[in-house]
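Below is one structure, written out as structure tokens; the observations come after it.
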Amino acid sequence: MLKSTIEALADFGQSIWLDNINRVILEKGTLFEMIKLGLRGMTSNPSIFEKAVGASSDYDKKILELSAISKSAFEIYDELTMRDIQDAADIFMPVYKETKGLDGYVSLEVSPKLAYNSEETIKEAKRLYKKVNRPNLMCKVPATKEGCSSIEELTASGININATLIFSLQQYVNAADAYINGLRRLLKTNTDISTVRSVASVFVSRTDTAIDCLLDKLTIAQPQKKEYFSGLKGRAAVANCELIYRKYRALLESREFKLLRGKGAGAQRVLWASTSTKNPFYSDIKYVSELIAKDTINTLPDATFAAFLDQGIIKEALGVNASSAENIILELKEWGIDIDKILAQLLSDGIIAFEKAFDSLLAVISKKKEELCFKGA
């Protein structure tokens, strides 16, 4: 039997996870079918839950049940997400076992409102981890300065962590250091560190969206260089990923990590996130095909998963020419486009966007709660 493109990619060394969750795919067998095609994990975030709850009636019965026992909007949100995450984790458990803990994880985000509060993030992540009570749960923590402190502490507590909203190389290094420091602390307690896993989620497409916009402005100011600026568009995001991937490979080969690996430690794999194509002029699988690399993960929304399943070609893309990536970053800087400043702003914007989605989700639940209770009265 021929393997699917997704299965072939896993054989190459890159796992595909799904960037979505809702009751339909959990209850109608869709997720099972995707796993048969090679899917190996799942991520979620406040925006995904907002769409799942707000755009359907799939959660209405449960909202009504919880409203009847006087649960608040947050408590209802908590119960809805717990049920989805637990069900998804159970569905992925065979993958978790077959891959010996490499894959089969489901990620749940700690409230984005705590992104700059290390103490509260730690407290909330521990609560979620205990409540979900599944070994294949990953708690998502934004890799802010405060978040990296949380990542170290949570790793030292034996909790699987998805370090998320990583945009820059420095952010990645900070998240990797936090994971390694956490493992070292955990090792001192004589705990089996082989059961603790982590991923570093690097957001991709938003980088090109921001930088392409600046290149368009340069084109307007200097129309004679239109072709030149067009040639730079759509290249910054992958170049940034190339540099992060090179650093990741170096960390894997470092003496420090090899010592931990000898004690059973698993690598904190790089996960490419936000990989749906925003620019209609780019290939719909651009951020899959151009980010194929060993020992990594790519998390895809449903449409991108289907597109790569149909069109994808397995060919190593990263780790081939890192000097080209550096040249692109330097060339952009020569034209006044400082990628570090842009990536810092994208981190800030990302946290704000997730905060708004979280607030919107609670508002949707409150509204549904009132409407459903009124109808049932």
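Some points to look at:
- Residue list for the range 266-292, filter: at pLDDT 95 or above and of a type in the set (A, V, I, L, M, F, W, C): Ala267, Val270, Leu271, Trp272, Ala273, Ile285, Val288, Leu291, Ile292
- No other residue among Thr164, Thr144 is farther than 25 Å from Ser15 by Cβ, in contact (Cβ under 8 Å) with a residue 60 or more places away in the chain, open to solvent by less than 10 Å² (accessible area, probe 1.4 Å) and not aliphatic (A, V, I, L, M) apart from Thr144.
- Subset of the range 326-346 that is at pLDDT below 95 and more than 16 Å from Asp212 (Cα to Cα) - its residue that is most open to solvent (accessible area, probe 1.4 Å): Asn327
- For Thr277, the requirement of being under 22 Å from the mean Cα position of the chain (by Cα) and assigned to a helix (DSSP H, G or I) is not met.
- Selection within the range 1-25 - surrounded by fewer than 21 Cβ atoms within 10 Å (Cβ to Cβ), modelled with pLDDT of 95 or more and within 24 Å of Met82 (Cβ to Cβ): none
- Failed criterion for Ala293 (all others in (1) open to solvent by 30 Å² or more (accessible area, probe 1.4 Å); (2) of a type outside the set (S, T, N, Q); (3) assigned to a loop (DSSP other than H, G, I, E, B); (4) touching a residue at least 12 places away in the same chain (Cβ under 8 Å) hold): (1)
- Considering residues of the range 237-265 that are hydrophobic (A, V, I, L, M, F, W, C) and surrounded by fewer than 17 Cβ atoms within 10 Å (Cβ to Cβ) only, the residue farthest from Thr191 (Cα to Cα): Ala250
- Top-ranked residue of the range 347-377 - restricted to ones that are within 25 Å of Asp216 (Cα to Cα) and in contact with a strand residue (DSSP E or B) (Cβ under 7 Å, 6 or more places away or on another chain), ranked as least open to solvent (accessible area, probe 1.4 Å): Gly350
- Taken together, Ser47, Ser72, Ser57 contain a single residue that is of a type in the set (Ser, Thr, Tyr), in contact (Cβ under 8 Å) with a residue 60 or more places away in the chain, closer than 24 Å to Glu370 by Cα and surrounded by fewer than 21 Cβ atoms within 10 Å (Cβ to Cβ), which is Ser47.
- Here Ser107 meets the list (1) at pLDDT below 95; (2) of a type outside the set (A, V, I, L, M, F, W, C); (3) open to solvent by less than 10 Å² (accessible area, probe 1.4 Å) almost entirely, failing just condition (1).
- Comparison of Tyr96, Tyr77, Tyr105, Tyr129 shows that the only residue that is under 30 Å from Gly264 (Cβ atoms) and in contact (Cβ under 8 Å) with a residue 60 or more places away in the chain is Tyr105.
- Residue in the range 64-80 that is of a type in the set (Phe, Trp, Tyr), within 22 Å of the chain's Cα centre (by Cα) and under 30 Å from Ile292 (Cα atoms) present: no
- Pairs with Cβ under 6 Å, 6+ apart, first in the range 14-34 and within 17 Å of Ser44 (Cα to Cα), second open to solvent by 20 Å² or more (accessible area, probe 1.4 Å) and not aliphatic (A, V, I, L, M): Ser15/Arg40; Asp19/Pro301; Asn20/Pro301; Asn20/Asp302; Arg23/Asp58; Leu26/Asp87
- So Leu218, is it surrounded by fewer than 23 Cβ atoms within 10 Å (Cβ to Cβ) and touching an Asp or Glu at 6+ places or on another chain (Cβ under 8 Å): no
- Residue match in the range 296-309 (condition: assigned to a loop (DSSP other than H, G, I, E, B) and open to solvent by 70 Å² or more (accessible area, probe 1.4 Å)): no
- The one condition from (1) closer than 26 Å to Ala267 by Cα; (2) in contact (Cβ under 8 Å) with a residue 40 or more places away in the chain that Ile339 does not meet is (1).
- Any hit, the range 179-197, residues being open to solvent by less than 10 Å² (accessible area, probe 1.4 Å), among the aromatic types (Phe, Trp, Tyr), out of contact with any His (no Cβ under 7 Å at 6 or more places or on another chain) and part of a helix (DSSP H, G or I): yes
- Highlighted here are the strands (runs of 3 or more DSSP E) found entirely within the range 35-152 that include at least 3 residues which are among the hydrophobic types (A, V, I, L, M, F, W, C): 137-142.
The values are calculated or read from the model by the stated rules, or taken from the named source; none is laboratory data. The structure displayed is predicted, hence computed values, not measured ones. Reconstructed Cβ throughout: ideal geometry from the backbone, glycine too, with neighbour counts over all protein chains shown. Quick note on the areas: whole protein, heavy atoms, side chains included, nothing else; ligands and nucleic acids left out. Shrake-Rupley method; radii C 1.70, N 1.55, O 1.52, S 1.80 Å.
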